Each structure stands twice: as structure tokens, then as C-alpha cells.
Amino acid sequence: MCRYVTMGQECEVGLRRRTYYVLSGSVLSVWARVENSLAARVGNQNRMQVIRLKTKEGIKIVGTLIPKNCVEHLVKDLSSDAEKVEEQSFAVK
């Protein structure tokens, strides 16, 4: 039996296709919050892992790997700030 099943997670051993959750883009401003959020959900035994990948469409992405059990919590945490920010327009002369 797969050890992930005994921990209550899905087993992906032997699968040809896997799903990865990657946070990429301009994340330096929220990096500390991402670290704190992941540490609270996963614990300090895991470190953040920066990865490079190439999609089937040939798009290259660099980002940090987010464990599946942290995705929903991280999205809620980061989107709460997005709701507080007001959109502003600046006229350039």
C-alpha cells in the first residue's frame, strides 16, 4: 500500500500524469506570508521548493511548489488582501 494513502492523501505512485500546484510571478512582496502559511499547514519539516518546469505548450515557469493540502488555505490568505486593495488609475502627462 502507498504510504500517502495511510496519511489520508491521494497516491500518485506509478501515475503517468500528476498535478502540481506552483506559485509563480511577482511573489517577493508576499514571500514571507507564503512561508508562514505553508509552515502553519505543513510544519517546519518541509522547506519551500523552487522549481522550473515547461508545460506541454512550451511555456517555461519558475515558481515554488505548493503542497495540495495547502492550496485552498493559501488562496484564501492571499486573496483576502486582494479584496482590500482599491484599483487606482494614474494619468501620465
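The values are calculated or read from the model by the stated rules, or taken from the named source; none is laboratory data. Note that the structure is predicted; figures quoted are calculated from it, not measured. Methodologically, a virtual Cβ is constructed for each residue, glycine included, from the backbone with ideal geometry; neighbour enumeration extends over all protein chains shown. Quick note on the areas: whole protein, heavy atoms, side chains included, nothing else; ligands and nucleic acids left out. Shrake-Rupley method; radii C 1.70, N 1.55, O 1.52, S 1.80 Å.
Got at least one residue in segment 3-25 being part of a loop (DSSP other than H, G, I, E, B) and modelled with pLDDT of 85 or more? Within segment 3-25, one or more residues are part of a loop (DSSP other than H, G, I, E, B) and modelled with pLDDT of 85 or more.
Count of segment 9-34 residues, restricted to those that are open to solvent by less than 70 Å² (accessible area, probe 1.4 Å) and closer than 14 Å to K68 by Cβ, is 4.
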